[in-house]
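**Student:** Take this structure first; my questions come after.
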């Protein structure tokens with residue numbers, strides 16, 4: 001999959017979420033501040049989060065667009081022995097089947113947060129969930145694309161003589177660090193698991209099931225990206241760490257009785273309070 005298509009997909013999903021949010025916000029006020037609500041939206045906080053995410057996404061898209069493409073001369077100088085040992089094995093991989101499989105898992109992960117809507121416990125929290133999903137997408141994709149655009153790391157297939165030259169010279173061949181497939185999938189998986197468990201505090205077996213699924217699905221897509229020659233293990237580990245952090249953080253800073261947040265464009269500051 002061409003990386004610019006993935007960027008366009010993010011933009012389409014962001015627009016879709018924004019339209020859904022706009023169409024449902026008018027009907028949410030009667031539920032938002034009930035005693036049983038798990039989350040609470042605050043106008044100033046949401047503006048800061050969305051503004052920060054939007055800014056990061058725009059900067060990331062610009063850096064991706066301006067990223068230098070590889071040249072034959074540069075590729076011929078690549079030597080996998082200069083890579084960290086943990087990454088050297090990826091330089092021998094190239095599988096289009098693994099690439100397609102990882103793409104399918106990525107597309108599927110985008111609908112995960114909407115599973116929360118199937119729960120009766122989500123009544124009165126739907127706009128909150130939409131806002132958190134949009135914030136998660138903006139922050140994750142923005143940070144990922146900025147890292148890609150700044151690092152300009154060659155993908156593993158550039159080291160593999162079996163990979164076609166056309167692919168090596170494509171616009172996405174220097175966008176390896178870090179994995180956007182993994183960061184986005186992990187963010188949506190952990191966001192969904194956190195939302196479901198927050199809304200069902202008495203879950204026992206289902207709690208472990210949701211967290212196990214949330215942890216394993218991104219690992220599956222990471223393995224696919226490794227086998228496809230798209231990413232090094234360090235790309236996958238970093239993407240997983242970022243996605244998990246954002247997927248867990250966003251719901252927690254919206255808990256009505258637990259966390260206060262002060263977010264500015266220059267940085268993130270989270271103040272944790274004791275449970276009431």
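**Student:** Considering only segment 39-89, how many residues are part of a helix (DSSP H, G or I) and under 30 Å from residue 131 (Cβ atoms)?
**Tutor:** Applying the first criterion (part of a helix (DSSP H, G or I)) to segment 39-89 yields 43-66, 72-76, 80-82, 85-89.
With the extra rule that they be under 30 Å from residue 131 (Cβ atoms), the set shrinks to 43-65.
The number of residues fulfilling the criteria is 23.
**Student:** Considering only segment 178-185, I want to know if a residue exists there that is in contact (Cβ under 8 Å) with a residue 40 or more places away in the chain, touching a helix residue (DSSP H, G or I) at 6+ places or on another chain (Cβ under 7 Å) and under 21 Å from residue 82 (Cβ atoms). Please lay out each step first, then the result.
**Tutor:** Of the residues in segment 178-185, the ones in contact (Cβ under 8 Å) with a residue 40 or more places away in the chain are 178-185.
From the residues that got through so far, the ones that are touching a helix residue (DSSP H, G or I) at 6+ places or on another chain (Cβ under 7 Å) too are 178-185.
Next, from what is left, pick out any that are under 21 Å from residue 82 (Cβ atoms): 178-179.
Yes: segment 178-185 contains one or more residues that are in contact (Cβ under 8 Å) with a residue 40 or more places away in the chain, touching a helix residue (DSSP H, G or I) at 6+ places or on another chain (Cβ under 7 Å) and under 21 Å from residue 82 (Cβ atoms).
**Student:** Looking only at segment 131-148, decide whether some residue is under 17 Å from residue 69 (Cβ atoms), surrounded by 18 or more Cβ atoms within 10 Å (Cβ to Cβ) and at pLDDT 95 or above.
**Tutor:** Looking only at segment 131-148, we keep the residues that are under 17 Å from residue 69 (Cβ atoms), and these are 145, 148.
Checking the rest, the ones that are also surrounded by 18 or more Cβ atoms within 10 Å (Cβ to Cβ) come to 145, 148.
Add one more test, that the residue is at pLDDT 95 or above, and what stays is 145, 148.
Looking for residues that are under 17 Å from residue 69 (Cβ atoms), surrounded by 18 or more Cβ atoms within 10 Å (Cβ to Cβ) and at pLDDT 95 or above, one finds at least one in segment 131-148, hence yes.
**Student:** Being touching a strand residue (DSSP E or B) at 6+ places or on another chain (Cβ under 8 Å), in a helix (DSSP H, G or I) and in contact (Cβ under 8 Å) with a residue 24 or more places away in the chain narrows it down to one of 128, 103, so name that one.
**Tutor:** Details: 103 fails: touching a strand residue (DSSP E or B) at 6+ places or on another chain (Cβ under 8 Å).
Of the residues listed, the single one that is touching a strand residue (DSSP E or B) at 6+ places or on another chain (Cβ under 8 Å), in a helix (DSSP H, G or I) and in contact (Cβ under 8 Å) with a residue 24 or more places away in the chain is 128.
**Student:** Determine the pairs where a residue that is on the phi > 0 side of the Ramachandran plot and at pLDDT 95 or above, located within segment 223-248, has a partner that is assigned to a helix (DSSP H, G or I) and buried (at least 19 other Cβ atoms within 10 Å of the Cβ) with Cβ atoms under 7 Å apart, the partner being 6 or more residues away or on another chain.
**Tutor:** 229/90; 229/156; 229/157
The values are calculated or read from the model by the stated rules, or taken from the named source; none is laboratory data. None of the values given here were measured: they were computed from a predicted structure. A quick note on method: Cβ atoms are made from the backbone with ideal geometry, for glycine too, and the neighbour counts reach across all protein chains shown.
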